[in-house]
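Dumping the structure here so I can ask a few things about it.
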Amino acid sequence: MALLEVRGFKKSFGATKVLKGIDFSLEKGQTLAIIGSSGSGKTTLLRCLNFLETPDEGKMYLDGRLFFDASDRKQTAGASVREKRLHFGLVFQNFNLFPQYSAFENLCLAPKLRARERPDFSSNRRNIYAEIEKKAEDLLKKVGLWDKKDAYPCQLSGGQQQRVAIARALAMSPDVLCFDEPTSALDPELTVEVLNVLRSLSRENMTMIVVTHEMAFAGEAADRVLFMDEGVVAYDGTAAEAFGVSCPCERLKAFIGSIEK
Amino acid sequence: MSFWEITRFLLDGFGVSCLIFAVTLLVSIPLGLPIAFCSMSRFKPLKLLSKVFVWIIRGVPLMLQIFIIYYVPGLVFDYQLFGNVDKYIFLKFGIDDAGRILAVLIAFAINYACYFSEIYRGGIESINRGQYEAGQVLGMTKGQIFRKVVLLQVIKRIVPPMSNEVITLIKDTALANCIMVSEIIKQANTLAATRALIWPLFYTGVFYLVFVGVLTLIFGQVEKKLSYFSS
Ligand SMILES: Nc1ncnc2c1ncn2[C@@H]1O[C@H](COP(=O)(O)OP(=O)(O)O)[C@@H](O)[C@H]1O
Ligand SMILES: [Mg+2]
């Protein structure tokens, strides 16, 4: 059974129809690459998954349970949205680290605030915080930045900032981690270090959705490829097929060709 | 009168100037916040109301606002509110000018709250939307995002314009003169009128300069403290 199933997502901004009915599903541990030209609705789709935008229509199933239904107004309100968000993580194109906190504090802030809601918080605060800090340490080590734990974002390169941002998202233990063009704000020589982190997450079977223009990366690290074109899913298949000679979708072929030039 | 006696006499007046300065800040710094939130409100009438209010307060000379606050109770309600407070406090405690200082404080607090509200609004609106969104996707509440993520960034941005306003404020206290509050320039004028001494009037400048110098140092320290991050 699929971990995540999206059915009929539609979203308009005023008169602009951005998503015109998106369907896809994602198995646990899979990496899904979403590709498509600029303006095709990729960012909007990720933002809907993270409840930064509310789809006008559509349903979402998580682990087979109906998790979100746009026709049910109650589900789109405050507190329940915050709970739902925690199943997803989002890594932004421009990192959005908190500038006044060190790398380590960036990782700990949200988990510590979240821990206050635990019933055993006041009695067990020390242990809870120690656990959170241990996890932050492990994650910074994993992205290779433990030596930069006290650095502020302005002291880090773009690639390092993005790696901290990935670790920060992982600190909340999301079921599905989404990336919106995680390397497109980076100089070419810095994209490698970020893509390497994504590769290792993919190997460790993190469930991921990656919007990217890095075709080589998508071809090698993704299990599946979703090609979006003007608000619809124009192709949904294995990476091997999408990038192979037998790709059945002419528009996808043309798109890949235009990027690789 | 000796130089020291004159200095003491002017210092009495500068005490009043500093009192107006301190109380105005104490009231207007917090009062600016609700005004800022109103002018950012999504509820259109509230937003319009607060924008018009801020426009009027910023558009009319502060001296005129002092006159209005001071005279309106007598003109409209036929009750000399501030004059009566003056008399009452003088009879009870032997302190001069209390009612008039109160009128000045009300005018100053409202005026500066409006200026601060615009600074707050600018600071809050200048924060990248991505900061809010990053907090949201990490499961933080709106309040947590404001307090833990946005606030310090706003403070860092508003310190320079706030320091300008605060420095202007100590000089603006001289306007209390217009309803005969015994601030430092009024004191110097008294010396000019009663003893034909002009130089104490120029000497008052030294008091302002020293005060502004100290303020500048303090704000410099605050800016330095906040320079460890850039946003
Ligand atoms: N908040 C918004 N308001 C109005 N239009 C928007 C908004 N967000 C996105 N759009 C429009 O939706 C379209 C798709 O945008 P986006 O999802 O960012 O595409 P992509 O990420 O694939 O480049 C674009 O035409 C964009 O202008
Ligand atoms: Mg995009």
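The values are calculated or read from the model by the stated rules, or taken from the named source; none is laboratory data. The structure displayed is predicted, hence computed values, not measured ones. Neighbour counts are summed over all protein chains in view; Cβ atoms, including those assigned to glycine, are modelled from backbone coordinates with ideal geometry. Ligands, DNA and RNA are excluded from the accessible area calculation, which covers all protein heavy atoms including side chains. Shrake-Rupley method; radii C 1.70, N 1.55, O 1.52, S 1.80 Å.
Looking at (1) over 18 Å from the mean Cα position of the chain (by Cα); (2) within 16 Å of ligand 2 (Cβ to nearest atom), which one does A:Gly58 not meet, given that it meets all the others?
Going through (1) over 18 Å from the mean Cα position of the chain (by Cα); (2) within 16 Å of ligand 2 (Cβ to nearest atom) one by one, A:Gly58 breaks only (2).
Quickly run through the range B:134-166 and pick out the residues that are within 16 Å of A:Pro111 (Cα to Cα) and either more than 9 Å from chain A (Cβ to nearest Cβ) or assigned to a helix (DSSP H, G or I) (or both).
B:Ala134, B:Gly135, B:Gln136, B:Val137, B:Lys142, B:Gly143, B:Gln144, B:Ile145, B:Arg147, B:Lys148, B:Val149 - these are the residues of the range B:134-166 that are within 16 Å of A:Pro111 (Cα to Cα) and either more than 9 Å from chain A (Cβ to nearest Cβ) or assigned to a helix (DSSP H, G or I) (or both).
For the subset of the range A:173-186 comprising residues that are open to solvent by 30 Å² or more (accessible area, probe 1.4 Å) and more than 16 Å from ligand 1 (Cβ to nearest atom), which member is farthest from the other protein chains (Cβ to nearest Cβ)?
Step by step, filter the range A:173-186, then rank; the result is A:Asp175.
Take the range B:185-231 and flag every residue that is within 14 Å of chain A (Cβ to nearest Cβ) and either of a type in the set (A, V, I, L, M) or loosely packed, with under 15 Cβ neighbours inside 10 Å (or both).
Across the range B:185-231, the qualifying residues are B:Lys225, B:Leu226, B:Ser227, B:Tyr228, B:Ser230.
Further question: Looking only at the range A:32-44, how many residues end up being within 11 Å of the chain's Cα centre (by Cα) and within 7 Å of ligand 1 (Cβ to nearest atom)?
So the answer is 1.
Check the range A:47-70 and report whether any residue there is more than 30 Å from A:Ala15 (Cβ to Cβ) and open to solvent by less than 50 Å² (accessible area, probe 1.4 Å).
yes
Now, a different point. What's the total number of residues in the range A:14-32 that are free of Cβ contacts under 8 Å to residues at least 12 places away in the same chain and within 16 Å of ligand 2 (Cβ to nearest atom)?
Of the residues in that region, 1 qualify.
For the range B:74-88, does any single residue satisfy the condition of being out of contact with any Pro (no Cβ under 9 Å at 6 or more places or on another chain), among the aliphatic types (A, V, I, L, M), closer than 22 Å to B:Thr24 by Cα and assigned to a helix (DSSP H, G or I)?
Yes.
Report yes if some residue within the range A:68-81 is within 14 Å of another protein chain (Cβ to nearest Cβ), without any contact (Cβ under 8 Å) to a residue 60 or more places away in the chain and within 16 Å of ligand 2 (Cβ to nearest atom); otherwise report no.
No: the range A:68-81 contains no residue that is within 14 Å of another protein chain (Cβ to nearest Cβ), without any contact (Cβ under 8 Å) to a residue 60 or more places away in the chain and within 16 Å of ligand 2 (Cβ to nearest atom).
Conditions: (1) out of contact with any His (no Cβ under 7 Å at 6 or more places or on another chain); (2) farther than 30 Å from B:Ser227 by Cα. A:Gly158 meets all but one. Number of the miss?
Result: A:Gly158 fails condition (2) only.
Residue by residue through the range A:1-31, note down the ones that are away from ligand 1 (no atom under 16 Å from the Cβ), part of a strand (DSSP E or B) and open to solvent by less than 80 Å² (accessible area, probe 1.4 Å).
A:Leu4, A:Glu5, A:Gly8, A:Asp23, A:Ser25, A:Leu26, A:Thr31
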